[in-house]
Amino acid sequence: MMALSRVFPVFYLAIVLVLYCQCQSPAPVGESASLDILTDKEALTAFKSLIATDPSNSLSSWGQQSSPCNWTGVTCNKSGQRVVALSLGDLGLTGSITPHLGNLSFLRFLYLQNNKLAGTLPDRIGALSRLQVVNISSNLIEGPIPPNISRCSDLMVLDLTSNQISGGIPPELGALSNLQILNLNKNQLSGTIPPSIGNLSSLTTLNLATNSLGGLIPSNLGRLQNLKKLELSINILTGNVPQPLYNISSLVFFALASNRLWGKIPSDFGNNLPDLIDFNFCINNFTGGIPGSLHNLTKVKSIRLSWNLLEGSVPGGLENLRDLEMYNIGFNRIVSSGDSGLSFITSLSNISHLQYLALDGNLLEGRIPKDIGNLSTTLTKLYLGGNRIYGNLPPSIGRLRGLALLNVSHNLISGEVPDEIGQLDQLQMLGLAGNKLSGQIPDSLGNLNDEMNAKVGDFGLATLMVETSTQQHSTTTTYGLKGSIGYIPPEYGLGVKPSPRGDVYSYGVMLLELFTGKSPTRQEEFHRDVSLAEWVQSMFPVNTKEVVDPELLLQVDGVHHAGLPLSPKIEQALVSILGIGLSCAIDSPELRMNTRDILQKLKSIKDTLIN
């Protein structure tokens, strides 16, 4: 997955280098015709006139007495007669884009990315018939995509990522036969995906994620046999995934997450995608089983199928996924049975790069394998909660020294918490709630939090605390709560015995911590002298996004980035979850939610996300 982030920038750079060499070749005789460098100078001067702020004074060299070929960001052809490239990315420019850019008739490269340019894309961009690369990503551009951009027949890269562009995707874009990269993600596009996009036979990247595109996915997209990246996540697409999409053998990145898609994933589709690295179908309504052929993808780094309606068991072949970093099948209806029902986990023992394993929210039954500690030490997050797992916690878990999060909550696990968990010195979140654990809280677990660096949730540990006090009469309640500062309900400080209502308070704090990424023991993280619950309450519900952990948004949405609107479905879910956390973390025990209501509300949120 890490390597994937380098694949496309390198490919992008290769295109740019080829085109740059082309633009340095001499212009054919007579090419300048009636327009010349003075025309280009006037167009650039008009561009500068609409720039409101230039923080780095990059345009200070744009003077009337000098040739534009000497201006910052301007490249001319070898003869110095015409401007062929305008490169003003990453300069913090504000203002708008002048229609006079349409007079730069020899322009091949237009780079305006990572500024704060507003207004609309001028229609006259369609007059730039030699244009090969347009990158206006990460600005504040609004309004529609000009349909006449289809006249730029040499266009190879169109990148309008992260703007506020609205309206539909012009069907005319299907005429750009040389287009290789089309990035329209993170905008406000609506309507359907035009079938004409399937005519872009040279396309290698199609990214339409994080918009409001609906309707069916056109089967014509299956004609894009050079496509490496297909990213349609976070839209409102419906229906089955067209069979031809599963046959695009060149695909490296295949993401349809957070839509309203349904149907079965073909059992043999993995055999058709030998180069697949990232597969993300989470947060949809897919049914059937996990395709066994998915485990034949020897290059895959990330498999995400969480929050669907998948059934059956985990197919064999996990040991084939040598480069696997993330495997997430949480919140489905996956089953296993018998003591060895979780033995498939040991198939991952030789996967040396595994970082994230999520099996939570399923119907898995069995014992946690004794040799689970043989999983890679690179594993940072292990989710096993919300299943039917029984037996003891194996001491070998202590060998997973890279774990930052371990969640085995809401199972049937019994026995004592093994001392070896105290060896997990990177642990930040430990979920043990809703099990049948007994005995003492290991001193080694308390030591993890001596300096309050780790975030250890205590929901469900009231029983352990009580039993500790019962078995060791000299042990005070304060000792039993060692390492729990920030999670302790206020009434415990008044001598009230641990109770389920206290559990609810601790759970509320843990829920807020999980979704904000802020430790309740570090008030400096809130920038105010308040508790975690008070800080969240001050932002709730209008400014909810301001308190949510950005890394959590990446996990949930997959492609969400700060500064962009969340999908309404995700935003409402976050508001509801934080509301539950606040209702649990009320100072008065009598006013706190009861556990039944908590579970019902969380189930309702889950059902809303799925449906």
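Scanning segment 212-235 turns up one or more residues that are among the hydrophobic types (A, V, I, L, M, F, W, C), modelled with pLDDT under 95, under 17 Å from the mean Cα position of the chain (by Cα) and assigned by TED's automatic domain parsing to the domain that holds I197. In the set S137, S129, only one residue is over 33 Å from the mean Cα position of the chain (by Cα), assigned by TED's automatic domain parsing to the domain that holds L91, surrounded by fewer than 23 Cβ atoms within 10 Å (Cβ to Cβ) and more than 15 Å from F47 (Cβ to Cβ); that residue is S129. V314 falls short on exactly one of the conditions (1) on the phi < 0 side of the Ramachandran plot; (2) modelled with pLDDT under 95; (3) among the hydrophobic types (A, V, I, L, M, F, W, C), and that condition is (2). One residue stands out in segment 171-187 among those that are free of Cβ contacts under 8 Å to residues at least 60 places away in the same chain and within 30 Å of P568 (Cβ to Cβ): the one that is surrounded by the most Cβ atoms within 10 Å (Cβ to Cβ), namely N187. Might you let me know whether segment 391-404 holds any residue that is in contact with a strand residue (DSSP E or B) (Cβ under 7 Å, 6 or more places away or on another chain) and either charged (D, E, K, R) or more than 17 Å from S444 (Cα to Cα) (or both)? Within segment 391-404, one or more residues are in contact with a strand residue (DSSP E or B) (Cβ under 7 Å, 6 or more places away or on another chain) and either charged (D, E, K, R) or more than 17 Å from S444 (Cα to Cα) (or both). When each of N308, N350, N332 is tested for being surrounded by 22 or more Cβ atoms within 10 Å (Cβ to Cβ) and either in contact with an Asp or Glu (Cβ under 9 Å, 6 or more places away or on another chain) or without any contact (Cβ under 8 Å) to a residue 24 or more places away in the chain (or both), the lone residue that passes is N332. Note on segment 229-244: residues that are surrounded by fewer than 23 Cβ atoms within 10 Å (Cβ to Cβ) and of a type in the set (K, R) total 0.
Criterion applied to G391, G361, G385 was being of a type in the set (G, A, S) and either surrounded by fewer than 20 Cβ atoms within 10 Å (Cβ to Cβ) or not assigned by TED's automatic domain parsing to the domain that holds L427 (or both), and the one residue passing it is G391. Among strands (runs of 3 or more DSSP E) entirely within segment 92-138, having at least 2 residues that are touching a helix residue (DSSP H, G or I) at 6+ places or on another chain (Cβ under 9 Å), under 17 Å from I181 (Cβ atoms) and among the hydrophobic types (A, V, I, L, M, F, W, C) singles out 109-111, 133-135. Counting only residues that are crowded, with 17+ Cβ neighbours inside 10 Å and closer than 22 Å to G292 by Cα, segment 245-264 holds 11 of them.
The values are calculated or read from the model by the stated rules, or taken from the named source; none is laboratory data. All values derive from a computational prediction rather than experimental measurement. All Cβ positions, glycine included, derive from the backbone under ideal geometry; neighbour counts span all protein chains shown.
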